[in-house]
Every structure is written in structure tokens, then in C-alpha cells.
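Trainee: Right, I'll just put the structure down here and ask away after.
The values are calculated or read from the model by the stated rules, or taken from the named source; none is laboratory data. Keep in mind that this is a model prediction, so the values were computed, not measured. Note that we place each Cβ from the backbone using ideal geometry, even for glycine, and neighbour counts take in every protein chain shown.
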Amino acid sequence: MHEIQVRVRFGETDALGHINNTSYFIYLEEARIRFFETLGYDMETGKWKFILAATKCDFISQGYFNQVLAIKTYVTKIGTKSFEIDHDIIDTKTEEIVARGNAIMVYFDFDQQRSEPLPEQLRESLSQYYFVRT
């Protein structure tokens, strides 16, 4: 499992003092970027090979300004041309789950504008983070 931490900034909250729903997607994006870097992919746009096909976030409990959140990322499905990753967003103080996210990533050739099969090296790297939620 891959993990990063974020501290909720004031500007990421709403008028009620809760984390704004759009902020969760920023946290999930940050977790995906750091996950891809761990796999050896840099963020240079000319070399980028992934496209986000779908994403969602389920809000489990309330999050607040200045809260430290751990975002745990793991792979839940590896297909021929795509893979699925899940995220758990957890309050580091209480260990309570604040939200759960999901993303479907497609390996993509931007020059040809079409998906491609996952390279074997990527499949092997992804399999190291494979986890089935029980």
C-alpha cells in the first residue's frame, strides 16, 4: 500500500467548516501522482501515458480545517489496458475513515489517441500494490 499525508488548508473548507467536496478530488489526485512517481513515472507531460477514465469519492465522515489525513492507495484491478486504484482517506489522529475514493486509469498513447496494453513492467509494479478489500 502506498501512503501520503496532507494537512487540510483553510481554503479547502466550506462555510460550515467541513472539507469542501471538491477538495477530496485534489487529495486523490495528489495521491495518484505520488503513487505514479513511486512506480517510476515522472510528471513530464510529454512522457505521460495515463488517462483518468473515471473517478468517484464516497464521503464517510466529516473532515475539518487543519486535520492531518493519510491517503492510502492500492490497486484493486489490473486489466489488459487499464487498472483500478482505490484510496482510503483516514484521519491520522483518530484513524477514522473520512472518505473512500476510486479511479480507473487507462494506459494511453496520446499521439495515436488510443489506449494501449499495459507494459509487463507496469503490470508487475502494479501487482506489488494489489489489494482486495474484504
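Trainee: Within region 98-118, how many residues turn out to be modelled with pLDDT under 95 and acidic (D, E)?
Mentor: Of the residues in that region, 2 qualify.
Trainee: Same structure again: Here's a check for you: in region 32-67, which residue that is free of Cβ contacts under 8 Å to residues at least 60 places away in the same chain and of a type in the set (G, A, S) is nearest to I4 (Cα to Cα)?
Mentor: Per the stated criteria, the residue is G63.
Trainee: Condition test on I19, is it modelled with pLDDT of 95 or more and surrounded by fewer than 16 Cβ atoms within 10 Å (Cβ to Cβ)?
Mentor: Details: modelled with pLDDT of 95 or more: yes; surrounded by fewer than 16 Cβ atoms within 10 Å (Cβ to Cβ): no.
Here the answer is no, as I19 does not meet what is asked.
Trainee: Can you confirm whether A53 is over 21 Å from E12 (Cβ atoms) and either modelled with pLDDT of 95 or more or of a type in the set (A, V, I, L, M) (or both)? Steps first, answer last, please.
Mentor: Working: over 21 Å from E12 (Cβ atoms): yes; either modelled with pLDDT of 95 or more or of a type in the set (A, V, I, L, M) (or both): yes.
So A53 fits the description; yes.
Trainee: Looking only at residues in region 55-71 that are touching a helix residue (DSSP H, G or I) at 6+ places or on another chain (Cβ under 8 Å) and either assigned to a strand (DSSP E or B) or aliphatic (A, V, I, L, M) (or both), which one is nearest to H18 (Cα to Cα)?
Mentor: Among residues in region 55-71 that are touching a helix residue (DSSP H, G or I) at 6+ places or on another chain (Cβ under 8 Å) and either assigned to a strand (DSSP E or B) or aliphatic (A, V, I, L, M) (or both), the one nearest to H18 (Cα to Cα) is F59.
Trainee: Turning to a different aspect of this structure: Would you check which residues across region 101-133 are polar (S, T, N, Q), surrounded by 13 or more Cβ atoms within 10 Å (Cβ to Cβ) and more than 11 Å from E84 (Cα to Cα) and list them? Spell out the reasoning first.
Mentor: The first filter runs over region 101-133 and keeps only residues polar (S, T, N, Q), leaving 102, 112-113, 115, 121, 125, 127-128.
Among the residues that remain, those that are also surrounded by 13 or more Cβ atoms within 10 Å (Cβ to Cβ) are: 102, 115, 125.
Within region 101-133, S115, S125 meet the criteria.
Trainee: Another one. Can you tell me which residue in region 17-29 is nearest to H87 (Cα to Cα), limited to those that are over 9 Å from the mean Cα position of the chain (by Cα) and not hydrophobic (A, V, I, L, M, F, W, C)?
Mentor: It comes out as Y24.
Trainee: Quick check on region 80-97. Is at least one of its residues more than 18 Å from F131 (Cα to Cα), under 17 Å from the mean Cα position of the chain (by Cα) and either in a strand (DSSP E or B) or modelled with pLDDT under 95 (or both)?
Mentor: Yes, the conditions are met somewhere in region 80-97.
Trainee: Hey, could you check region 30-54 for residues that are more than 10 Å from the chain's Cα centre (by Cα) and in a helix (DSSP H, G or I) and say which is farthest from D111 (Cα to Cα)?
Mentor: Within region 30-54, the first condition is being more than 10 Å from the chain's Cα centre (by Cα), and the residues that meet it are 37-54.
If we keep only those that are in a helix (DSSP H, G or I) too, we end up with 37-38, 45-47.
Working: E37: 22, T38: 25, T45: 12, G46: 10, K47: 11 Å.
Here the residue is T38.
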